[in-house]
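Notes follow the structure.
The values are calculated or read from the model by the stated rules, or taken from the named source; none is laboratory data. Not measured: the values here are computed from a predicted model. Cβ coordinates were reconstructed from backbone atoms using ideal geometry, including for glycine residues, and neighbour counts include every protein chain displayed.
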Amino acid sequence: MEDRSQRSEWVRGFEELDVFRRAYRVSLEVHRASLELPRIEQFALADQLRRASKSICANLAEGFGRQPVSKPEFRRFVMMALGSADEMQVWTLYCRDLGYMGNDVAEHWRGEYRAIARMLTALYRGSSDI
C-alpha cells in the first residue's frame, strides 16, 4: 500500500509531509547545537550547519508551493533538499572530527539525515506521476 503522507497530491501543505516534519525537528536540534560551537566557527561551520539544515525545509516548502504550476519544479526543489541532506552529513563529520561534538550526536544526526535522504528520494520518485 502506498504511503499517502508523502504524496503531495493528498496533503494540503508542506507541513503535512513526514519528511518536512522530520527535517524541521532535526534542524531545530542543529540550530541549538550550532550556537554552542566556538566563536571562531560561528560565521563558518556553525553558519553552514544552520543554513544546510534549514535549506531542506525551505526547499520542500518552495517546491510544494510551485507544484500546482510545475511538477518538474517541485521535483527540482526536492533534489535540492536531497543535496542539503547529504551536505549535512559532511558538516556533521567536520564537527565530530574537529572535536565540537561527540560521536553519539554525530551518529544520531548522520542517521537522521540518511533517513531524510531516503524519504526525499522516495518523494522524488513518487512525484513523477503527480
Check your understanding: What is the number of the single condition among (1) over 17 Å from the mean Cα position of the chain (by Cα); (2) surrounded by fewer than 22 Cβ atoms within 10 Å (Cβ to Cβ); (3) part of a helix (DSSP H, G or I) that E36 does not meet?
Key -> (3)
**Study point:** Count - residues of segment 80-104 that are crowded, with 20+ Cβ neighbours inside 10 Å and among the β-branched types (V, I, T)
**Key:** 1
Exercise for review: Quick one: in segment 66-92, of everything that is outside any helix (DSSP H, G or I) and either touching a helix residue (DSSP H, G or I) at 6+ places or on another chain (Cβ under 6 Å) or of a type in the set (G, A, S) (or both), which residue is farthest from G13 (Cα to Cα)?
Suggested key: S70
Study note, to complete from the structure: Pairing a residue in segment 32-50 that is farther than 12 Å from Y100 by Cβ with any residue that is at pLDDT 95 or above, where Cβ atoms lie under 6 Å and the two sit 6 or more apart in sequence or on different chains, gives Q48/W91; R50/H31; R50/S34
Revision key, fill the gap. Of (1) surrounded by 14 or more Cβ atoms within 10 Å (Cβ to Cβ); (2) of a type outside the set (D, E, K, R); (3) part of a helix (DSSP H, G or I), G111 satisfies every one except (1)
Study note, to complete from the structure: Residues of segment 7-55 being aliphatic (A, V, I, L, M) and either over 26 Å from A122 (Cβ atoms) or modelled with pLDDT under 95 (or both), in sequence order, are V11, L17, A33, L35, L37, I40, A44, L45, A46
Review point. Are any of the residues in segment 25-42 of a type outside the set (S, T, N, Q) and more than 22 Å from V105 (Cβ to Cβ)?
Key: no
Review point. So which pairs qualify, if the first residue must be in segment 79-93 and at pLDDT 95 or above and of a type in the set (S, T, N, Q), the second must be crowded, with 18+ Cβ neighbours inside 10 Å and not in a helix (DSSP H, G or I), the Cβ gap must be under 8 Å, and the two must be at least 6 apart or on different chains?
Key: T92/M101
**Study point:** Index of the failed condition, W109 passing every other in (1) touching a Leu at 6+ places or on another chain (Cβ under 8 Å); (2) at pLDDT 95 or above
**Key:** (1)
Exercise for review: Determine, yes or no, whether S27 is in contact (Cβ under 8 Å) with a residue 24 or more places away in the chain and small (G, A, S).
Suggested key: yes
Check your understanding: Any residue in segment 56-65 that is surrounded by fewer than 14 Cβ atoms within 10 Å (Cβ to Cβ), in a helix (DSSP H, G or I) and at pLDDT below 95?
Key -> no
